[in-house]
Ligand SMILES: *Cc1c(COP(=O)(O)O)cnc(C)c1O
């Protein structure tokens, strides 16, 4: 019997039974015949179908019609009002603790400096070698600037730095565990900076346990939520997280370069100072006089003029997440990644492909990575045929499943095309 026909039927059945299937039509390009499968929504989410109309209205009515009055009428507050909506829909954050600002890189810098300033008698930053490059680079820059020391974690079961978390042969791929943090944290640790979901492995860290451990040692935590927000339930308030930031162009579909969000726990906000003092974080920005006095509340974490036009995509997507609910989104995400692993077992494992992501669903975000020496060439061949995962060096194909816009059929198509390329040498042409 032809296994691909059997599995296509399985994909069709999974799609037919998916309670969130109707959301797929609410994204641009879901019916584009030139894209057979898009599995990179974890890097750049699709635009929502309502966005073109929202931009049109923004240009003609809000910006074109209201002109400078727009700032008083809604834009000045938008970084905070939209922040509150993200907080409620995806972060488990009560109002007043989340703001939209800058890029994730800049927000990481601001929050890291803030954390070090809040622990002036401590000099260490904890981070892992498998973390995303920008996180590591910001830490290295801040360490050079402040004299802080870096305590590197080598996540268990990975080859570490150069391969950014490639699984060691014969080991179950993992990421940063509570024990990894316990091994490096100490009385001089000011802040622990980790990603909730590893950008390569998809490892889902135990945020509440690691946060509690850091607090036992008197350190602050700064969680990077880029690869989790919008796909994994997050409870920042309940977990006692101090500081967090994340991208809005991945599972929050804000569009290329849409700004980051940042979160600061309520009881800390008014005691903290961030390093990029600008007029938009001042207590009275339009007084145009006097010295900087930080605003009360989360506004003090803003610096310059907020990127209003870049928040429109995000605003549309947050509406869809509010409608679907994060628990239903997570349920579909787990089903999608489990299905991808089942197809990997069935069709790729015997072809020398390794799985570099956790099998345990509770420890997995919404993407998986598989490795094979020919994947660089194969990815290029896939892209030219409208099958779009992404390549992560040295040998990884990353399959990102964005629960509201990815179908089971897309997962099946991608695995099947990878299998055919491996068997037929299609990647080397
Ligand atoms: C995508 C990603 C970033 C990107 O930061 P930008 O400033 O938006 O370029 C940072 N950290 C992690 C963990 C990411 O996944």
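Inside the stretch 217-236, can you point out the residues that are over 27 Å from residue 335 (Cα atoms) and either more than 12 Å from the ligand (Cβ to nearest atom) or assigned to a loop (DSSP other than H, G, I, E, B) (or both)?
Selection gives 217, 218, 219, 220, 221.
Given 214, 190, 183, which one is in a helix (DSSP H, G or I), crowded, with 17+ Cβ neighbours inside 10 Å, modelled with pLDDT of 95 or more and away from the ligand (no atom under 16 Å from the Cβ)? Working first, answer last.
Values: 190 fails: in a helix (DSSP H, G or I); 183 fails: crowded, with 17+ Cβ neighbours inside 10 Å.
Every option except 214 fails the conditions.
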Exercise. Can residue 10 be described as within 16 Å of the ligand (Cβ to nearest atom) and either assigned to a strand (DSSP E or B) or touching a residue at least 12 places away in the same chain (Cβ under 8 Å) (or both)?
Worked result: no
Exercise. In the stretch 71-93, which residues are outside any helix (DSSP H, G or I) and in contact with a helix residue (DSSP H, G or I) (Cβ under 6 Å, 6 or more places away or on another chain)?
Worked result: 92, 93
Exercise. So which residues in the stretch 29-42 are part of a loop (DSSP other than H, G, I, E, B) and buried (at least 20 other Cβ atoms within 10 Å of the Cβ)?
Worked result: 39, 41, 42
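Inspect the stretch 74-87 for any residue being more than 18 Å from residue 259 (Cα to Cα) and without any contact (Cβ under 8 Å) to a residue 40 or more places away in the chain and give the result as yes or no.
No, the stretch 74-87 has no match at all.
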Exercise. If residue 303 satisfies every condition in (1) within 27 Å of residue 263 (Cα to Cα); (2) in the same structural domain as residue 417 (by TED's automatic domain parsing) but one, which is the exception?
Worked result: (2)
For this session: Looking for whichever is away from the ligand (no atom under 16 Å from the Cβ), within 21 Å of residue 219 (Cα to Cα) and assigned by TED's automatic domain parsing to the domain that holds residue 207 here; the options are 129, 122. Which one fits?
Result: 122
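The values are calculated or read from the model by the stated rules, or taken from the named source; none is laboratory data. The model shown is predicted, which means the values in this text are computed figures rather than measured ones. Heads up, the Cβs are rebuilt from the backbone with ideal geometry, glycines too, and the neighbour counts pull from every protein chain shown.
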